[in-house]
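So the structure is just underneath, and the comments pick up after that.
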Amino acid sequence: MVAGHQYKNIVMKDLIKVLNWINGIECSSEEDMWIDKYNPDNGKLTIKVTNSSEIDVNNAVKAAENSFKEWSEFTPVKRGQILSKIVDLMKVSASELSENIALEAGKPPQDAAGEVGAAIMQGEFFAGEGMRLYGKSLTSGTPGKYSHTTRNPHGIVGLIVPANTPIANIAWKTFPALICGNTIVLKSSEDTPSVAIMFAELAKKAGLPDGVFNVIQGEGSISGEAIVNHPKISLISFTGSTNVGIRIAQNAGKRLARVSLELGGKNALIVCDDADLDEAVHWSSLSAFSNAGQRCAAGSKIFIFENIYDNFVKKFIMKAKSLKLGTRSDCDLGPVINQRQYQNIKKSIKTAIEDGGILLCGEDGSLSDIDNEGYYIKPTIISGLNHSAELSNTEIFGPVVSIYPIKNIQEALEYCNSSKYGLTSAIHTKNVDTAMWFAQRVRSGVVNINIGTYGSEPHMPFGGYGLSGNGTREPGSEALDVYSEIKNISFLTRENLI
Ligand code: NAD
């Protein structure tokens, strides 16, 4: 029974315990270490998360190794059928999954439900791949020789995920990894630990053999590093911050493990002077503030044509001030994930103001008593910053946006392309020539016209230039290139026998 999973292990005076999942069962860290997890909505300690060590990672790798033969020898069609069953069970348990995410991540219920819906679609897409998983048929220079490619599993893959959209992050990596025949050691986020266990229970119920999907809880610097450095893990797929991504690339590079990195962003939204202003305000607000700005694809910089600047800014401030903070269904954004992140965001706002930024609405950067209020940051808009200021160039991962007047589209493109990141961008204009001129030239892996900086769907490739990643694209069918090794098989027919 998945419903209320995390409540069945109530121990330690009403604190919930969240464990690992290894070889089809829950188990705590062999070293009995624990991480405190606080409720972002009220700052209260609610969960103890088992803090895994290298020993636990070794146990998970052993389970994944033992189950590899069976899983990889299932036909892709059979693997797809099991994925379909997981999806069916996710649909049945959608409200329990949403409730869990809303509670642990501090989200309004509609946001959590939307994320579960996206994870289900992700599963549907990759279950269908079981009946495709296409290779190529090739020609040859040798008469009678035939050649084709097949997709083969890497073996054991290490998946490391952040907390911002917990079930979507798990689905994004797990479904393509499974359909390609890999077995998995997934490092859950310490801030949203239990949804991975709920997913594991559903997968087991759907018929996924024990050991194929294992979950490790714990600190990145201990269990995350142990996964990255484990010699039997062939591929590391990581979603998280750029600094950690660089470290992972360096460590995994020492043994030439495959690496897929989905990292940070400083994404720009451009408002041209022919844009529908109300639509532009609506999408700017969603891009900057939804999910409390905790999106790699958040629109954290807005460039506005100077002849409509004042008009846009007036409407944008009104919109930001109208947003309701909280985790109820009538709220627009919840708190940020933890106290560390809350304090970092406040510090960044303070620095921006010291750098000459003008606070138009939201937080002034001072720290308040968060004990009873949770980790809430009001939607914050800052103008007047130089393009070289820290806030103009650094990802904040909170509901904070800086805005800049620009003369024309050429200037907007120049500022966009001077960023170290290159994940997503958006442009608002009624002119298709301007939109396409910009879309063709901007250095970002996703370009959206007349919508927000986020909104990629499960069948669309996602990833970015520069510090936003290492060039891979997940999900979409491009994810199959991440989760499989390509093999070229050729054979020579003996035509002289006929
Ligand atoms: P983070 O890098 O701190 O942590 C992400 C995960 O990595 C966690 O599970 C953490 O425990 C683990 N980790 C931390 N240190 C590690 C180490 N040394 N070795 C191995 N694993 C380690 O990121 P976060 O603050 O949780 O998430 C926010 C970041 O994620 C932002 O930068 C955001 O842009 C990025 N993100 C990117 C995408 C994308 O698709 N590009 C999507 C969502 C989030």
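Where a number appears in this text, it was derived from the coordinates with a stated rule and is not lab data. Bear in mind the structure is a predicted one, so any value in this text is a computation, not a measurement. Every residue, glycine as well, gets a Cβ built from its backbone with ideal geometry; the counts of neighbours run over all protein chains shown.
Some observations on this one:
- For the stretch 225-239, putting each phi into the Karplus relation 6.51 cos²θ - 1.76 cosθ + 1.60 with θ = phi - 60° gives couplings of 5, 5, 5, 4, 8, 6, x, 8, 8, 8, 9, 10, 10, 10, 10 Hz, in residue order, rounded to whole numbers and with x for Gly and Pro.
- Anisotropy class of the stretch 4-120 from Cα gyration tensor, a/c 1.5 cut: oblate
- Phi angles across the stretch 285-300 convert, under the Karplus curve 6.51 cos²θ - 1.76 cosθ + 1.60 with θ = phi - 60°, into 3J(HN,Hα) values of 5, 4, 5, 7, 10, 5, 6, 6, x, 8, 9, 4, 9, 4, x, 9 Hz, Gly and Pro given as x.
- Each stretch of four or more DSSP H residues adds -39500 (n - 2.57); spread over every residue of the chain, this sum gives -11500 deg cm²/dmol at 222 nm.
- Looking at the stretch 393-462, the trypsin sites (Lys or Arg not before Pro) that sit in a DSSP loop and have at most 14 other Cβ atoms within 10 Å of their own Cβ are Lys407, Lys420, Lys430.
- Number of Lys-Lys pairs in the stretch 139-240 with C-alpha atoms under 28 Å apart and a separation of 8 or more places or on different chains: 9.
- For the chain: rounded, prolate or oblate by the Cα gyration tensor [a/c cutoff 1.5]: oblate
- Beta bridges per DSSP with both ends in the chain, % antiparallel, nearest 5: 40
- Loop trypsin sites (Lys or Arg not before Pro), the stretch 42-72, which have at most 14 other Cβ atoms in a 10 Å radius of their Cβ (DSSP): Lys44
- In percent, rounded to a whole number, the relative contact order of the stretch 206-361 is 15, using alpha-carbon pairs under 8 Å and six or more apart.
- Proximal lysines relative to Lys107, as straight alpha-carbon distance under 18 Å, when same-chain residues fewer than 8 apart are discounted: Lys37, Lys44, Lys324, Lys378
- Working note: Karplus 6.51/-1.76/1.60 with θ = phi - 60° gives the stretch 152-158 the couplings 10, x, 6, x, 8, 10, x Hz, where Gly and Pro are set to x.
- Listed by chain and number, the lysines whose C-alpha is less than 29 Å from the C-alpha of Lys407, apart from same-chain residues fewer than 8 away, are Lys266, Lys301, Lys314, Lys315, Lys319, Lys321, Lys350, Lys420, Lys430.
- 0 to 90° range, to nearest 10: angle between helix 194-205 axis and the chain longest Cα axis: 30
- Normalised contact order of the stretch 176-233, rounded percent, pairs of Cα under 8 Å and 6 or more residues apart: 41
- Over all pairs of different C-alpha atoms, the stretch 349-498 has a mean inverse distance whose reciprocal, the Kirkwood radius, equals 18.9 Å.
- Residues of type aspartates and glutamates that Lys69 reaches as a straight line, Cα spacing below 18 Å, ignoring anything fewer than 8 places off in the same chain: Asp210, Glu485
- For the stretch 294-371, the relative contact order is 21 percent, taking Cα pairs closer than 8 Å that sit 6 or more residues apart in sequence and dividing their mean separation by the residue count.
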